[in-house]
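Since the structure comes first, as structure tokens, the remarks are kept for the end.
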Amino acid sequence: MAKNNLFFELGFEELPVEANRLLREKVQELLKSFPEKFRESDFTANLYSTPRRAAVFLEGIKLESEIISEEVKGPAENIIFADSKLTKAGEGFIKSKQISEDALVRRDGFVYYTKKSGGERVEKVFQDLFLKCIASISFDKTMKWEKTGFLFPRPIRWITGFVNNSPMDFIIGPVKTDTYTYGNRSLSSSKIPVFNGYDYFEKMNENYVEIDFEKRKSMILFEIEKSAKSLSLALIEDEELLNEVSDLVEYPVIFCGKFDERFLNLPKEIIIAALKQHQRYFSLKRGDESLSPNFIFVSNAPYAEAEDIVNNNQRIITSRLEDAEFYYKNDLSHDMAYYENVLKKTVFHEQLGTFYEKAQRNKKLAASVLKGLKEKEGDLELLTLISKFDIATEMIKDGKEFTKLQGVIGTHYAEAMGYDAETADISREHYLPLTNEGELPKSITGTAFSIADKTDNICGAYVSGNKPTGSKDAMSVRRDSLSLIYLLTKKKMNIDMEPLIEEALQNYSKTELKQEIADYIKKRMEVLFASYKIPYDAVRCALYGETIVPFTIYTKAKLLGELKSNDDFKDIVGGLKRVANILRNEKEKSVETYYDNQYEKNLYDAGFDVKKKISEFLKAEDYESVLKNLLSIRKPIDEFFDNVMVMDKEASVKERRVQLLFFIRGIFLQFGDFSKIVFESELNPEDVK
Amino acid sequence: MNFQEIILKISEYWSLKDCLILQPYNSEVGAGTFNPSTFIRVLDNAKWNAAYVEVSKRPKDGRYGENPNRFQQFYQFQVIMQPAPENIQELYMKSLEYLGIEIRKHDIRFVEDDWESPTLGAKGLGWEVWLDGMEITQFTYFQQVGSIPLTVIPVEITYGLERIAMFIQKKNSVIDIDWSNEKKWKDIMLEAEKEFCYFNFKSANVELIMTQFEKSEEEVKRLLKEDLVYPAYDYVIKCSHFFNLLDSRGAISQKERANYIMRIRNLSRAVAKHYMERKNGEE
């Protein structure tokens with residue numbers, strides 16, 4: 001006997017790719033958390049998705065949840081009854097519980113009643129969950145399309161559902177369930193009757209709809225690789241494009257086209273971008289990594305005539321590439337001086353001046369960075385111009401599809417204008433890394449300009465009132481901050497961001513924003529380093545102090561993170577927390593060196609000794625040795641606390657001990673604030689952010 | 001099928017679907033949406049089905065007739081239906097079949113593209129429709145027009161007539177399209193296209209056009225005071241065209257650009273608001 005099953009399909013006009021991804025994610029969550037009470041032991045639930053539909057099929061379900069009766073204790077008898085009659089409260093009680101007076105049992109001075117639960121129908125529960133599910137999705141954009149004003153990213157046009165062979169009765173917005181679906185759009189627009197879930201799968205098969213997203217994706221990849229191989233070429237992999245294309249077709253059919261070889265004179269990034277952004281074509285490469293004029297596209301047309309469809313697509317890409325060529329030739333007809341002039345007239349941001357001014361600010365910061373690193377500056381003026389001039393080219397300014405190539409285009413153009421490859425590369429390099437995982441700049445000038453560009457972007461956002469909030473980050477401060485920290489850490493650079501931020505703010509005469517920006521950057525460090533499995537408290541410990549050197553903070557925090565299970569460390573941290581508490585209301589003065597108590601003396605000597613030892617290690621940035629030495633103070637600290645009362649009755653004794661603790665704490669603070677370390681046993685919820 | 005037959009055919013199709021067949025507007029517009037048969041008609045919630053050819057002027061897009069696909073002037077076929085019929089995608093697909101395009105043999109796709117006109121304060125959600133990779137239609141469910149959110153949602157379908165002709169006639173460039181059986185597009189249009197490109201990019205009188213813009217802007221405000229909505233809207237259209245000309249002449253800096261767009265949007269909003277207030281007053 002077939003298992004009990006529930007089938008449901010939501011049919012809509014072509015959903016945007018991102019909206020469809022979100023929908024899948026949320027419906028998948030619904031299936032995963034489908035209530036246990038409706039599951040048989042062999043329960044399975046699957047999700048299917050195309051640009052025009054989302055469908056679920058649940059097998060091995062219970063049609064109704066089990067009915068459970070249990071006796072529940074109610075209020076005291078004398079509240080519910082008076083002289084064997086219901087009191088006012090009693091009447092209220094049976095009303096609220098929806099039971100009759102007869103259902104009440106009196107026993108031991110209380111009333112009891114039987115509560116029944118369960119017996120819900122799976123269909124109803126599914127519908128409630130599904131409605132809640134789609135209402136909970138925060139789509140980027142939704143629309144109205146009819147008079148009820150229901151919101152969805154595109155119009156919902158049909159819904160179909162069955163429990164076994166019985167049609168579901170369900171309304172979503174303006175649409176009521178019926179018993180039909182539609183097939184692949186290119187074959188027919190007529191309704192296709194459906195009788196149940198199993199029937200649906202057959203109908204989809206017959207009507208050229210592959211309803212499984214992952215299957216479409218692997219079909220596409222398989223066919224592309226096969227075609228590429230037959231041309232002795234290889235696919236230029238692009239997961240993003242593959243995902244997108246899989247969400248643009250219901251039945252993928254692959255074709256190969258070719259553009260005119262003369263376009264290969266254009267930089268390959270331009271061609272790849274034109275193919276991808278405009279037409280969603282896959283680019284192919286030859287064995288030597290050079291771009292091939294052959295390309296592959298995925299159609300939704302199972303009965304297309306290859307010659308026709310390929311010719312039509314080739315015609316389109318020709319006109320696209322001609323447009324790119326038009327920009328390319330036009331742009332190269334100007335020289336750098338021309339672009340410098342255009343930059344002077346091109347607004348970077350209304351409150352932050354022109355791109356020329358932005359580039360000049362970058363130049364100043366880059367010069368400081370290079371100076372700090374004791375590196376040669378080179379022709380800073382030229383590098384500054386080359387880094388930004390492509391903003392003023394038609395390719396970037398006007399061509400929407402090529403905007404993503406900013407930097408890359410600049411480098412190509414600068415090389416074509418005759419600048420040497422390293423100088424030309426500043427345009428591309430100074431944007432790197434694009435994310436906190438991306439490619440890093442290689443040259444030292446590229447690195448300096450990248451640090452400068454990002455620092456100025458971050459500070460400029462605060463200056464212009466665009467600081468990031470939980471929901472808004474118009475100027476991508478978050479991305480720039482993470483990329484900057486990543487760059488400085490990954491390159492192991494000894495660069496302090498504090499004076500850099502200050503200098504960037506001086507360019508705007510807004511130094512008062514320094515602390516706020518520094519705090520934001522520090523928070524980003526916690527976030528970024530946490531993604532490297534470094535606990536946030538270790539980062540907070542290492543963040544102590546005026547300077548913000550991401551690489552140092554990373555190094556220290558990593559060492560601290562590894563120490564968290566070490567007993568000496570736990571003990572020391574415990575001791576230092578105690579110290580921090582004691583010192584909370586005290587003031588630091590000079591340290592006495594005379595101690596009449598052996599434990600005080602031992603502690604002072606150990607501290608003195610360690611302080612001397614670590615000063616060299618600190619200079620050499622050998623933080624592992626610093627830590628090792630710091631841990632050696634465990635014993636004298638323990639013994640001090642075991643045997644000495646800091647808060648002595650006699651003021652001078654107390655003061656002496658307090659100052660000794662200041663001395664000891666000061667030694668640790670050279671590394672970080674150990675009182676920020678939290679052990680699991682003492683975690684309380686607010687600490688976890 | 002030649003170009004004029006395509007126009008006749010597609011008009012016939014939508015006429016059979018109960019659309020009024022109207023004519024292009026008598027002022028320079030960037031798109032059929034500017035025609036008052038769309039802009040003003042969709043503001044009230046009344047039923048309104050209309051279709052018409054529109055001469056679309058986009059000065060900046062000219063390439064002196066040298067790019068196969070980019071021109072400073074082209075022909076749109078605009079369909080506006082309010083409220084949007086439930087089977088509108090099907091109606092659209094059938095319109096292609098009516099033009100003799102065998103849907104089965106081609107790749108038709110609805111690719112996300114949310115249309116927006118910042119000057120008209122109009123936006124909507126929809127797609128560009130691809131026919132074998134070529135964008136032939138913009139398909140939009142308006143959500144807002146004249147900066148006013150709509151309650152009855154219209155659908156706008158804008159066909160690129162030259163592109164459809166290129167497809168049907170298998171031509172590689174617009175200029176080679178057969179307009180009739182004797183004349184090609186280039187025989188009729190190319191000379192003017194080149195001259196207009198020269199005018200748009202190099203010769204248009206910036207000073208004059210700036211004055212025209214300013215005067216037209218004032219005129220919108222004056223006419224609204226006299227409760228003359230349609231004439232006022234005419235001057236909004238003019239402002240938009242003057243702005244496009246200034247833009248293609250490179251006479252507007254980036255910063256001014258945003259400002260010009262905002263000025264036109266304010267005008268179109270004022271017209272829409274005035275029209276709605278008058279309508280509501282009548283009820």
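Descriptive notes on the structure:
- Scanning the stretch B:111-141 for residues that are open to solvent by less than 10 Å² (accessible area, probe 1.4 Å), of a type outside the set (V, I, T) and within 20 Å of A:I156 (Cβ to Cβ) yields B:G124, B:G126, B:W127, B:F139, B:Y141.
- Residue check, A:S186 of a type in the set (S, T, Y), assigned to a loop (DSSP other than H, G, I, E, B) and open to solvent by less than 20 Å² (accessible area, probe 1.4 Å): yes
- Scanning the stretch A:572-604 for residues that are open to solvent by 50 Å² or more (accessible area, probe 1.4 Å) and in contact (Cβ under 8 Å) with a residue 12 or more places away in the chain yields A:R578, A:E588, A:K589, A:S590, A:V591, A:E592, A:Y599, A:N602.
- Residue in the stretch A:213-228 that is among the β-branched types (V, I, T), modelled with pLDDT of 95 or more and buried (at least 17 other Cβ atoms within 10 Å of the Cβ) present: yes
- Given (1) in contact (Cβ under 8 Å) with a residue 12 or more places away in the chain; (2) more than 14 Å from chain B (Cβ to nearest Cβ); (3) open to solvent by 60 Å² or more (accessible area, probe 1.4 Å), number of the condition A:L233 does not satisfy: (3)
- Residue in the stretch B:170-192 that is within 14 Å of another protein chain (Cβ to nearest Cβ), open to solvent by 70 Å² or more (accessible area, probe 1.4 Å) and either more than 29 Å from B:I10 (Cα to Cα) or without any contact (Cβ under 8 Å) to a residue 40 or more places away in the chain (or both) present: yes
- Strands (runs of 3 or more DSSP E) lying entirely in the stretch A:273-356 (those with 1 or more residues that are open to solvent by less than 20 Å² (accessible area, probe 1.4 Å) and more than 10 Å from every other protein chain (Cβ to nearest Cβ)): A:282-285, A:291-299
- The lone criterion from (1) modelled with pLDDT under 95; (2) part of a helix (DSSP H, G or I); (3) buried (at least 19 other Cβ atoms within 10 Å of the Cβ) left unmet by A:E512 is number (3).
- Residue in the stretch A:534-555 that is touching a helix residue (DSSP H, G or I) at 6+ places or on another chain (Cβ under 6 Å), crowded, with 22+ Cβ neighbours inside 10 Å and more than 19 Å from A:Q670 (Cα to Cα) present: yes
- Qualifying positions in the stretch A:1-45 - within 14 Å of chain B (Cβ to nearest Cβ), closer than 23 Å to A:T181 by Cα and charged (D, E, K, R): A:E13, A:E14, A:R21
- In this entry, B:D107 passes the filter for residues that are charged (D, E, K, R), open to solvent by less than 20 Å² (accessible area, probe 1.4 Å) and modelled with pLDDT under 95.
- Any chance A:F259 is within 14 Å of another protein chain (Cβ to nearest Cβ), more than 30 Å from A:A54 (Cβ to Cβ) and in contact with a strand residue (DSSP E or B) (Cβ under 6 Å, 6 or more places away or on another chain): yes
- The residue list A:I495, A:I485 contains one member that is closer than 22 Å to A:V539 by Cα, more than 24 Å from the chain's Cα centre (by Cα) and either outside any helix (DSSP H, G or I) or not polar (S, T, N, Q) (or both), which is A:I495.
- Against the list (1) touching a residue at least 40 places away in the same chain (Cβ under 8 Å); (2) not in a helix (DSSP H, G or I), the condition A:T469 fails is (1).
- Every condition in (1) in contact (Cβ under 8 Å) with a residue 40 or more places away in the chain; (2) open to solvent by less than 10 Å² (accessible area, probe 1.4 Å) is met by A:L31 except one, and the failing one is (1).
- Only one entry in A:V253, A:V163, A:V194, A:V245 is under 30 Å from A:F326 (Cβ atoms) and in contact with a helix residue (DSSP H, G or I) (Cβ under 9 Å, 6 or more places away or on another chain), namely A:V245.
- The stretch B:239-254 residues that are without any contact (Cβ under 8 Å) to a residue 12 or more places away in the chain, paired with ones that are buried (at least 20 other Cβ atoms within 10 Å of the Cβ) (beta carbon under 6 Å, 6 or more apart): B:I252/B:L246
- Some residue of the stretch B:143-156 being at the interface with chain A (Cβ under 9 Å from one of its Cβ atoms), open to solvent by less than 30 Å² (accessible area, probe 1.4 Å) and β-branched (V, I, T): yes
- Of the set (1) part of a helix (DSSP H, G or I); (2) touching a Phe, Trp or Tyr at 6+ places or on another chain (Cβ under 7 Å); (3) surrounded by 20 or more Cβ atoms within 10 Å (Cβ to Cβ), all apply to A:G672 but (1).
- The helices (runs of 4 or more DSSP H) falling completely within the stretch A:365-416 that include 2 or more residues that are farther than 17 Å from A:S333 by Cα map to A:380-388.
- Checked against (1) acidic (D, E); (2) buried (at least 23 other Cβ atoms within 10 Å of the Cβ); (3) closer than 28 Å to A:H278 by Cα, A:E401 passes all but a single condition, namely (2).
- Contacts under 8 angstrom Cβ, first residue in the stretch B:1-21 being touching a residue at least 40 places away in the same chain (Cβ under 8 Å) and over 25 Å from B:I188 (Cα atoms), partner among the charged types (D, E, K, R) and open to solvent by 10 Å² or more (accessible area, probe 1.4 Å), 6 or more apart: B:Y13/B:K94
- Among residues of the stretch A:369-395, those that are open to solvent by less than 40 Å² (accessible area, probe 1.4 Å) and in contact (Cβ under 8 Å) with a residue 24 or more places away in the chain, counted: 14
- B:K60 falls short on exactly one of the conditions (1) more than 14 Å from chain A (Cβ to nearest Cβ); (2) open to solvent by 40 Å² or more (accessible area, probe 1.4 Å), and that condition is (1).
- Condition broken by B:S203, with the remaining ones in (1) within 30 Å of A:W145 (Cα to Cα); (2) surrounded by fewer than 16 Cβ atoms within 10 Å (Cβ to Cβ); (3) of a type in the set (S, T, Y) satisfied: (1)
- Search result, residues across the stretch B:244-259 that are assigned to a helix (DSSP H, G or I), within 14 Å of another protein chain (Cβ to nearest Cβ) and modelled with pLDDT of 85 or more: B:D247, B:S248, B:N259
The values are calculated or read from the model by the stated rules, or taken from the named source; none is laboratory data. Just so it is clear, the model here is predicted, and its values are computed rather than measured. A quick note on method: Cβ atoms are made from the backbone with ideal geometry, for glycine too, and the neighbour counts reach across all protein chains shown. All accessible areas refer to the heavy atoms of the entire protein, side chains included, with ligands and DNA or RNA removed. Shrake-Rupley method; radii C 1.70, N 1.55, O 1.52, S 1.80 Å.
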